[in-house]
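Down below is the structure, laid out as structure tokens.
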Amino acid sequence: MVKKIKSRFLLFFLIFALFGFTVFFTSAKLSIAAEPIIIGIAGAHSGDLASYGIPTLRAAKLIIDEKNAKCGINNRKIKLLAEDDVCKPEIAVNTATKLISEGVHVVVGHICSGATKAALGIYKDVKIVVISPSATNPALTKSGNYPNFFRTIAPDDVQAKLEVDFAINILKVKKIAVLHDKGDYGKGLAEYARNFIKESKIAQVVLYEGVTPGAVDYSAVVQKIKRKKAEAVIFGGYHPEASKIITQMRKKRMKTIFISDDGVKDDTFIKVAGESAEGVYATGPKNTSNNPIALKAVSDHKRVYGEDPGAFFLNAYSAVLAILNAIEKSCSTDYNSLTNALKTEFVATPLGILKFDDKGDAIGVGFSMYQVKNGVFVKIKQAL
Amino acid sequence: MNPVLEVSKLSMNFGGLKALENISLDIFQNEIVSLIGPNGAGKTTFFNCITGIYTPVSGDIFISSLPQKTEKENICGLKPNIITKKGMARTFQNIRLFQNMTVLENVMIGRHVRTHAGIIASVLKLKKTRNEEKKIVDDSYNILKKTGIENFANEKASTLPYGAQRKLEIARALATEPFLLLLDEPAAGMNPAETIELGLLIKEIREKENISILLIEHDMKFVMNLCDKIFVLDYGKKIASGTPDAIQNNPVVIKAYLGEDFDFDA
Amino acid sequence: MFKLSEIIKSIAVSAWFMFLTFPILVIKVNTYEKTIDWRWKNMILIGIASFFLSFLWRYMLKQKEYGSDKKKSKASSFFKNTVKNPKFYTSSIVLILCLIIAFPFVFSIYQTNIMTSALMYVVLGLGLNIVVGLAGLLDLGYVAFFAVGAYSYALLNHHFGITFFMALPIGALLGAFFGILLGFPVLRLKGDYLAIVTLGFGEIIRLILENWNDFSFGPSGIANIPKPSFFGINLSIYETTTYMYFIMILLVFLTVFVVNRLEDSRIGRAWIALKEDEVACQAMGIDKTKTKLYAFATGAAWAGLAGVVFAAKTSFINPASFTFLESAIILSLIVLGGMGSIFGVITGAFIFILLPEYLRAFSDYRMLVFGAAMVLMMVFRPQGIIKKRRRFYKISDSGGKKQR
Ligand SMILES: Nc1ncnc2c1ncn2[C@@H]1O[C@H](COP(=O)(O)OP(=O)(O)OP(=O)(O)O)[C@@H](O)[C@H]1O
Ligand SMILES: [Mg+2]
């Protein structure tokens, strides 16, 4: 029977050897890195969340092709290395190690906050600057743990802050009901809003509750809002729930102010809620569609890919421009000079003229308050 | 002297069906006892009740593993594995071997109740555990030899011929060191030669191991030649008991078997 | 050569496939121009391909039925002869050991890193193999114990500064504890019901982690989990990766050693018997309750252990890493590799975890390829790549002496 075990052993050995060879050849092929500036693009390029990651890849390609056509930056060509992390932290670690083993100089990504957190530790250790177009988790910058991290999107709490400040300082309300849809995004936002209200000490949270997403009838929670005599409702979540809640509130002739987030600032909301939508406030990204760089980016995208760009395209476009600008201005890919350049040099991007604060958040990227007037969202001037 | 097994007024229902009604019987040390009855009489159900697979509706089951012991123990309602540990082992009418294990391993499973190695001991495999393992293999092999199927030791149980599978069931039950062995139709499906061999094996077990035996069988010739005492069940009731001779001439028994194209002298 | 009936069969098959793939491969809605593209060419290709593949399929099925052992014995006799040679045996062991040790120094940090992942799945696979492969308890919520391990390190470290090496046994013990916790309610369940309840258990753990913000920090997870320290020396990311790799190698050796011993022990045999026939098992005096709980606990302990390593390796964990898909992958790798066989599980883990990494280029089709591989596997080799063999005992008449 020794024989049998050995043949099993052999099979095992062969498989092992096979992997050894594969590994050897894949890695051997890749160990050439020198002249060009290598930019790693990490994010979800396949799977459920690919639609969040692909636009970044495209934005980077558009810019880099253009730059390379004009002999690159500082006379160095730019090379792009895309790696997929499917938005999973555990895969993001692999992606990050792969990128650093292939000698990237800077990384644009990752797309999801969780994956970004997992990968950042690795980049930090080898001093590589990371700039994300879409990771909104506040702790990424605020915790101060990742000095190598920058982003061209406002963190989650900025919206909540804007909503609360608007309600308290401009609308002067004292009793606020905070609702959310129990989702990651909505609940996170509501949580921040609640804390900001508490901190303000001017207003108070009279109701904090999660509603079941997808339900038909929200009269129970509407009744509660009425009973608690809330003057304003801050809702964290998306438009389907928001439109039902607002409709049911207006049916009961409640005049309570309704403030929500960019999940609600969507034309579908107005279509569904109809009359009731009038007067509703919602925060949304600052409108940059008149920005010439943004117009150019979008038209380039249409020309090359034949369709409108997807999520975070302009943020990604800005991120790539910002990092390339930093490389160009500092004449190097050295960590210290890069971070310094990012924090000091202004750069013109689709999101406006940017530079980064000490924590890594882009100054000037943020949200505005909008209100529904005559069936369209209109930007409110006095809002901060 | 106490009987090794004393069942009193055992009843079992399946929904409305009275599968067993007030069955009482006892078996003494070194007896070979048979339980007979037409199909569906409740014989297997009786086995299942006394081995703990079913919990009887009412009644008591006493065992006393040592005949000289005065107090007896009620095992009614205990779990099957506890009952096996107390010394009653059984075989199944529809063979229930561990099909994908080897013959030897099947018997080694029987040694489980009499051995002790736990998880930690198994991992550390100190001398004590190694010796125990070795002893399990030795003992199991010896039991296989006793039952005459040692040649199949390393075959998969499912590849065995039918007769050998029945013997393996007996070997496996013997490995648990019972004082009472319960055999459910051990001769079913065997050819005449194998049946005779089986009879000898059962007698040998009784003589050499001091094990009492209760068996269910339809082969009347086999039963009459082998047993000291017979109990007859019909529709869940005990209709007769006694020596083979008495049973053969009992009109109630004959009536119960009538219509079943039956001949005691078969 | 081909019978008419076979050709008709193949035509039917190809028609069926064309029909099935019609909505996905033929119709394409162009949302930009609001038109529909009809890609008839795809349909023709599918038709032709499935026509010919159906012949191959039937041929292979036939081949399988007519017992392929005749051919196999000839082909593999060469290997067997080579392998019989003890010199070859020892030298190949030495070679493998060298390969294992040299690996992180020869290959890049990335290769080392994914190898560490694969080794982690080896431990997970071997753990689940105790529950499913040996004891036959279909556990679809195995990832819950993995999560328990990961969170126990992350949280204990966060609150009390417990180090990695202290967390390893704690994670394993907590895993085992949760294994027992799951074990109790499902003791009476078998097969499908057991699978559903364990599935539910896995989801419950994940939902708790997701919703109990005060305890687990909710969906935003826990970041900055430290990597194991090396006698207090600060290691660079390259060194840490190598270090993790060797820790994982040691853990795999430990797992293989323990699982191998358990398999050949009194408890291991009881597990296998339990899988075969519960009633007979009980009738043989095996305590069903205890044996099942042992299986759940020992299986879960490995998941807890692997969870600790996972937390350290990823440095960030959140509940999204512990979805049902993870359980399914672990289960699939043991089915693919060969249920119940240690070599099989190791092979399965390498194939299942490394291949997708190397197949990154085809990432969109990864799951498709795997689905197809699993189906083919189940049709042509249901025992998995490496089949479990029963142990062989050599007995001399003077007494028992066993050998493998
Ligand atoms: N689990 C059960 N549920 C319901 N009815 C049962 C069950 N087990 C047995 N029975 C019924 O109880 C009666 C006795 O069955 P049992 O198997 O004990 O008969 P038997 O005497 O062993 O017959 P045979 O000689 O055919 O083996 C039969 O009517 C049977 O249908
Ligand atoms: Mg019966």
* Asked: Given region C:253-323 reduced to its alpha-carbon atoms as identical point scatterers, what log10 I(q)/I(0) does the Debye formula return at q = 0.12, 0.18 Å⁻¹?
  -> -0.46, -0.77
* For a label point 7 angstrom out from the Cα of A:Asn195 toward its Cβ, which stretches of region C:210-247 have the backbone nitrogen within less than 15 Å? -> C:213-223
* Asked: For chain C, what is the largest minus smallest coordinate of the Cα atoms on each principal axis, given in angstrom and ordered from greatest to least?
  -> 77, 71, 51
* All-pairs alpha carbon distance profile, region B:92-239, 10 Å steps from 0, percent -> 11, 37, 32, 14, 5, 1
* **Intensity falloff of region B:74-143 expressed as log10 I(q)/I(0), Debye formula with alpha-carbon point scatterers, at q = 0.18, 0.24 Å⁻¹** => -0.86, -1.16
* Do you know the relative contact order of region C:109-392, to the nearest whole percent, from alpha carbon pairs under 8 angstrom that are 6+ apart? -> 36 percent
* Asked: In whole Å and largest first, what semi-axes does the C-alpha gyration tensor of chain B yield when each eigenvalue is scaled by 5 and square-rooted?
  -> 32, 22, 17
* To do: Determine, from the Cβ-Cβ distance of C:Thr323 and B:Asn249 and an R0 of 60 Å, the FRET efficiency 1/(1 + (r/R0)^6), rounded to the nearest 0.05.
  => 0.20
* To do: With no solvent and one equal point scatterer placed on each C-alpha of the protein assembly as shown, evaluate the Debye formula and give log10 I(q)/I(0) for q = 0.04, 0.08, 0.09 Å⁻¹, two decimals.
  => -0.30, -0.97, -1.11
* **Top of C:Arg269, C:Arg39, C:Arg58 by mean-square fluctuation, Gaussian network on chain C, Cα under 10 Å** => C:Arg39
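Could you tally the net charge around B:Asn30, taking each other residue with its Cβ under 14 Å from the Cβ of B:Asn30, Lys/Arg +1 and Asp/Glu -1?
-2
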* Neighbourhood charge, 15 Å Cβ-Cβ cut-off, centred on A:Thr349 and excluding it, Lys, Arg +1 and Asp, Glu -1 -> +1
* Which of B:Cys76, B:Cys227 comes first, and how do the rest follow, when ranked by fewest Cβ neighbours within 10 Å? -> B:Cys76, B:Cys227
* **Shape of region B:98-176, Cα gyration tensor, a/c cut at 1.5** => prolate
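Hey, fewest Cβ within 10 Å first, where do C:Glu6, A:Glu102 land in order?
Ascending number of Cβ neighbours within 10 Å: C:Glu6, A:Glu102.
At 10 °C and 1.306 mPa s, grab the translational diffusion coefficient of region B:200-243 from Stokes-Einstein with a Kirkwood Rh over Cα pairs, rounded to a whole number in µm² per second.
In µm²/s, the coefficient is 136.
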* Structure fact -> Put in order of increasing Cβ neighbours within 10 Å, starting from the fewest, C:Val94, A:Val86 give C:Val94, A:Val86
* To do: Identify which of C:Leu134, C:Leu293, C:Leu181 has the largest mean-square fluctuation in a Gaussian network model of chain C, with springs joining Cα atoms closer than 10 Å.
  => C:Leu181
* With helices defined as uninterrupted DSSP H runs, which ones in chain C have an alpha carbon span along their own long axis of at least 27 Å and mean Kyte-Doolittle hydropathy of at least 0.0? -> C:40-65, C:86-106, C:109-128, C:164-186, C:191-211, C:237-263, C:288-314
* **Listed pairs A:Lys224/A:Lys252; B:Lys145/B:Lys167; B:Lys9/B:Lys237; A:Lys229/A:Lys255; A:Lys161/A:Lys228; C:Lys275/C:Lys394 exceeding 19 Å between Cα atoms** => A:Lys161/A:Lys228; C:Lys275/C:Lys394
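Find the Rg to Rh ratio for region A:78-233, where Rh is the Kirkwood radius over alpha-carbon pairs and Rg uses the same atoms.
Ratio of gyration radius to Kirkwood radius for region A:78-233: 1.12.
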* Would you calculate the volume per residue, in Å³, of the smallest convex hull containing every Cα atom of region C:4-67? => 79 Å³
* To do: Take every residue in peptide B:104-115, count the Cβ atoms of other chains within 10 Å of its Cβ, and give the average of those counts.
  => 5
* Structure fact -> Rg from C-alpha atoms of region C:146-282, normalised by the globular rule of thumb 2.2 N^0.38 Å, equals 1.32
* Structure fact -> With the 8 Å Cα cutoff and a minimum separation of six or more residues, region C:4-67 has a relative contact order in percent of 36 percent
* If Lys and Arg each add +1 and Asp and Glu each add -1, what is the summed charge of the other residues whose beta carbon sits under 12 Å from the beta carbon of C:Ile180? -> +2
* Find the cysteines in chain A that fail to meet the 4.7 Å Cβ criterion with every other cysteine, and list them. => A:Cys71, A:Cys331
* Using Cα centres only, tell me the gap between region C:109-149 and region A:75-129 in whole Å. => 26 Å
* Among A:Lys302/C:Lys41; A:Lys142/A:Lys172; B:Lys85/B:Lys208, which pairs are too far apart, with a Cα-Cα distance over 25 Å? -> A:Lys302/C:Lys41; A:Lys142/A:Lys172
* Structure fact -> What the Cα atoms of region A:157-279 span along the principal axes, largest first and in whole Å, is 35, 28, 23
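Give the Rg/Rh ratio for region A:314-360, taking Rg as the radius of gyration of the Cα atoms and Rh as the Kirkwood radius, to two decimals.
Rg/Rh: 0.94.
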* Under a 10 Å cutoff between Cα atoms, tell me which one of A:Asp357, A:Asp267, A:Asp84 has the largest fluctuation in the Gaussian network model of chain A. => A:Asp267
* Radius ratio Rg over Rh of region A:271-368, counting only Cα atoms, Kirkwood formula for Rh -> 1.10
* Tell me, what is the percent relative contact order of chain A, built from C-alpha pairs under 8 Å that lie six or more residues apart? -> 16 percent
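Treat chain A as a sphere of radius equal to its Kirkwood radius over Cα pairs and apply Stokes-Einstein at 25 °C in a medium of 0.890 mPa s; give the translational diffusion coefficient in µm²/s, rounded to a whole number.
107 µm²/s
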* **Percentage of interatomic Cα-Cα distances in region B:163-260 larger than 19 Å** => 45 percent
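Every number here is computed from the coordinates shown, using simple stated rules; none is lab data. Quick caveat: nothing in here was measured; it's all calculated off a predicted structure. Please note: Cβ atoms are built from the backbone with ideal geometry, for glycine as well, and neighbour counts cover all protein chains shown.
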